[in-house]
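First up is the structure itself, then whatever we jot down about it.
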Amino acid sequence: MILTDQRILEEIELKNIVITPFDKSCLGSNSYDVHLGPTLAKYIDEELDAKKHNKIRCFEIPDDGFTLLPHEFYLGVTLEYTETHAHVPFLEGKSSTGRLGIDIHATAGKGDIGFCGHWTLEISVKQRVRIYKGMPIGQLIYFPVEGIVQTPYNQKKNAKYSGQNNHPVESMMWRNKF
């Protein structure tokens, strides 16, 4: 099951879903449109190492836009801050975004119950495309769960991405033991 627009509004009223800023015109029949925040990032090193803390360089998207290049990898961030306390959120690209050849996540489309923060986007493109801060970039879909969650994500001691701010966050794989 997926929450409908009416159920999303009810869950916002109950504070089980938080979306800031919230604009009712962004509410679809079973999703909520999110927008590209003003900041992008790129990794500093050309070769990344899963056991190393790979640093990023953040930069602002100019008012006249920024051209993304194929074979480059960018981290972006949603303009919206979200909290999800009783449902599993999924972030998917909008069809209009996909039709421009923009992928907004490589593998991390599912959030966890208890995720609180801005979503980091893993952006790649098929061809050169100009993007703009504030443009619609994706949509959140909410799935109900069955059973009681013992430990929400924002209460886990090892939650690497809890409380993400309004800047892209680099991979924290290096914090894992392997």
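Candidate cross-link partners of Lys52 among the lysines, defined by an alpha-carbon separation under 27 Å and a same-chain spacing of 8 or more, comprise Lys42, Lys110, Lys156, Lys157, Lys160, Lys177.
The loop-placed trypsin sites (Lys or Arg not before Pro) in the stretch 96-126, going by DSSP, that have at most 13 neighbouring Cβ atoms within 10 Å of their Cβ come out as Arg99, Lys126. Each residue, Thr107 and Arg7, gets one label point 7 Å from its Cα in the Cβ direction; the gap between the two is 2.9 nm. Each peptide in 148-161, 7-20 was scored by the mean count of other Cβ atoms within 10 Å over its residues; highest first, the order is 7-20, 148-161.
Whole-Hz Karplus values for the stretch 6-11 come out as 4, 5, 4, 4, 5, 5 Hz, taken residue by residue from phi with 6.51 cos²θ - 1.76 cosθ + 1.60 and θ = phi - 60°; glycine and proline positions read x. Say R0 is 41 Å: what FRET efficiency, to the nearest 0.05, do Glu146 and Asn166 get from their beta-carbon distance? Plugging the Cβ-Cβ distance into 1/(1 + (r/R0)^6) gives 0.80. Taking each DSSP H run with n ≥ 4 as -39500 (n - 2.57) and averaging over every residue of the chain yields -1500 deg cm²/dmol at 222 nm. Relative to the current alpha-carbon distance between Thr20 and His71, full extension at 0.36 nm per residue lengthens the span by 15.1 nm. Working ranking of peptides 171-177, 132-138, 117-123 by packing, defined as the average number of other Cβ atoms within 10 Å per residue, highest first, is 117-123, 132-138, 171-177. If the segment from Ile44 to Lys157 were pulled out straight at 0.36 nm per residue, it would be longer than the present Cα-Cα gap by 37.8 nm.
Residues whose amide H comes within less than 5 Å of that of Val149, counting only those at least five positions distant or on another chain, are absent (H built at 1.01 Å from N in the peptide plane).
Only the coordinates and a few stated rules stand behind these numbers; no lab work does. Predicted, not measured: the structure shown is a model, and the values here were computed from it. Cβ: placed from backbone, ideal geometry, glycine included. Neighbour counts: every protein chain shown.
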